[in-house]
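The values are calculated or read from the model by the stated rules, or taken from the named source; none is laboratory data. On a predicted model such as this, the values are computed, not experimentally measured, just so you know. Virtual Cβ from ideal backbone geometry, glycine too; neighbours counted across all protein chains shown. Protein only, heavy atoms only, side chains kept; ligands, DNA and RNA dropped before computing areas. Shrake-Rupley method; radii C 1.70, N 1.55, O 1.52, S 1.80 Å.
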Amino acid sequence: MSICAPQLLEHPKPLPPALAPAAPSPRCRELAVGVIGPGRVGGALLDQLRAAQPRLRREGRVDVKLCGVVASKRMWLDCDDAELNGRAGGAQVWRPNDLDAFAAHVRGNEPRHALLIDCSASDAVAAQYPRWLATGLHVVTPNKLAGSGPLARWHAIRAACAQGNARFRYEATVCAGLPVVQTLRDLLDTGDELFAVEGMFSGTLAWLCNRHDGVQPFSALVREAHALGYTEPDPRDDLSGMDVARKLVILAREAGWALSLDDVAVESLVPDALASLPREEFMENLGGLDAPMAAKLAEARAEGGVLRHVAHLDARGRASVKLAVLPAAHAFAHSRLTDNVVQFTTRRYCDNPLLVQGPGAGPEVTAAGIFADLLRIAESLELRA
């Protein structure tokens, strides 16, 4: 089946040079890898893989074999270019996009460990995960649409992992490279009991809250964030809170609750009058955000607190996303710039909750989170002769 994912790059930039050869340890695990979506994150990942590959082989950890890359309409396979993309630009050999053929090529004809990395934002690609996993292909992704999409598909992914004895990892879906999903998994796997998860999951909204001091209208800050590339092309994708809700659903499911997006109480920062406008018209009418946000700031100051955009999940699986007034002594009151902050309250970490904080966005840190997932999978695999 041929799938064209419009979210991927239409004209992918030249891929990095071939992964440099290095003498592997005789006991080094080999892992065939295919990358879907050579955009900003995918491109950063390919650079990181190329730089780390000689060291990983030398240390006997994993021998990464890059087998190909899929863009929006085209794909490149190593069988078409023996130098693994050592060539540049038009000298590369590209085929029409075909995810079935791509997956089959990465899997190979002989039994081997193989992994697909989905760096797209495509629901069509996420829909393939159950089939891939059932055939033994491991999957790593920063794509939130699988972990927060239809519950039936999530269950199918879990069942496929068991059927194909395959791993599915998605650390970078929540707070990029921060170890949020793994921390939650470690807490639960070691017998801790989760009481609550609270967090600032949007770097964009963290930046806006940190800068919103009444000196400038809120709309001016949104325009500045948009110009700096902090927001999505349509800032409503950030201001609506739905991206944060997706991350909360992913964590809820990790904790064992069958939560869906419809179960999350989301308070959007976008007034109803602006919600359905075309993007260009919305940008022209950003001033409609100013009065409500000025009122929220006045409320926070009257209470001696600060405004923060907070997601909350309690021990009963109830979830909410909203702009909240927090005490000045709250841990979230001291966040910086675009920091993400996640606080786990558990039986062990009750009086003093466990905090994970740091940059939660950007291609380099997101790619590093994906790379770490790849290494965790690789190190769990059996050695093959």
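Worth a mention:
- Test: residue in the range 181-197 that is within 22 Å of the chain's Cα centre (by Cα), part of a helix (DSSP H, G or I) and under 18 Å from A319 (Cα atoms): yes
- Inspection of the range 195-205 finds a residue satisfying the criterion of being modelled with pLDDT of 95 or more and open to solvent by 50 Å² or more (accessible area, probe 1.4 Å).
Quick grid of which residues meet (1) small (G, A, S); (2) closer than 28 Å to L187 by Cβ:
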position	(1), (2)
A255	yes, yes
A275	yes, no
R308	no, yes
A311	yes, yes
R336	no, yes
Y349	no, yes
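- All conditions in (1) closer than 30 Å to H309 by Cα; (2) touching a residue at least 40 places away in the same chain (Cβ under 8 Å); (3) not polar (S, T, N, Q) hold for R167, with the sole exception of (1).
- Every test in (1) over 25 Å from A252 (Cα atoms); (2) of a type in the set (K, R); (3) free of Cβ contacts under 8 Å to residues at least 40 places away in the same chain is passed by R279 save one, and that test is (3).
- One residue from G86, G177, G149 being under 16 Å from R246 (Cα atoms) and either open to solvent by 30 Å² or more (accessible area, probe 1.4 Å) or at pLDDT 95 or above (or both): G149
- Number of the exception - V342 against (1) assigned to a strand (DSSP E or B); (2) more than 24 Å from A121 (Cβ to Cβ): (2)
- Any hit, the range 228-239, residues being out of contact with any Ser or Thr (no Cβ under 6 Å at 6 or more places or on another chain), of a type in the set (F, W, Y) and either assigned to a loop (DSSP other than H, G, I, E, B) or farther than 15 Å from T338 by Cβ (or both): no
- Residue within the range 227-245 that is closer than 25 Å to E193 by Cβ and either charged (D, E, K, R) or open to solvent by less than 50 Å² (accessible area, probe 1.4 Å) (or both) present: yes
- Among (1) in contact with a strand residue (DSSP E or B) (Cβ under 9 Å, 6 or more places away or on another chain); (2) open to solvent by less than 10 Å² (accessible area, probe 1.4 Å) - the single one R107 does not satisfy: (2)
- The range 110-120, subset charged (D, E, K, R) and out of contact with any Ser or Thr (no Cβ under 7 Å at 6 or more places or on another chain), residue most open to solvent (accessible area, probe 1.4 Å): E110
- A172 vs. criteria touching a strand residue (DSSP E or B) at 6+ places or on another chain (Cβ under 9 Å), at pLDDT 95 or above and of a type in the set (A, V, I, L, M): yes
- Every pair of residues 6+ apart whose Cβ atoms lie under 7 Å, when the first sits in the range 232-249 and is in contact (Cβ under 8 Å) with a residue 60 or more places away in the chain and farther than 15 Å from V222 by Cβ while the second is crowded, with 21+ Cβ neighbours inside 10 Å and acidic (D, E): none
- Residue within the range 121-135 that is at pLDDT below 95 and open to solvent by 10 Å² or more (accessible area, probe 1.4 Å) present: yes
- Checked against (1) open to solvent by 20 Å² or more (accessible area, probe 1.4 Å); (2) at pLDDT 95 or above; (3) among the aliphatic types (A, V, I, L, M), V93 meets all criteria but (2).
- Beta carbons closer than 8 Å, at least 6 apart along the sequence or on distinct chains, pair a first residue in the range 189-213 that is touching a residue at least 60 places away in the same chain (Cβ under 8 Å) and closer than 16 Å to L326 by Cα with a second that is basic (K, R) and part of a strand (DSSP E or B) for M200/R308; A206/R308; C209/R308.
- Residue list for the range 53-83, restricted to those being modelled with pLDDT of 90 or more, open to solvent by 10 Å² or more (accessible area, probe 1.4 Å), in a helix (DSSP H, G or I) and not basic (K, R): P54
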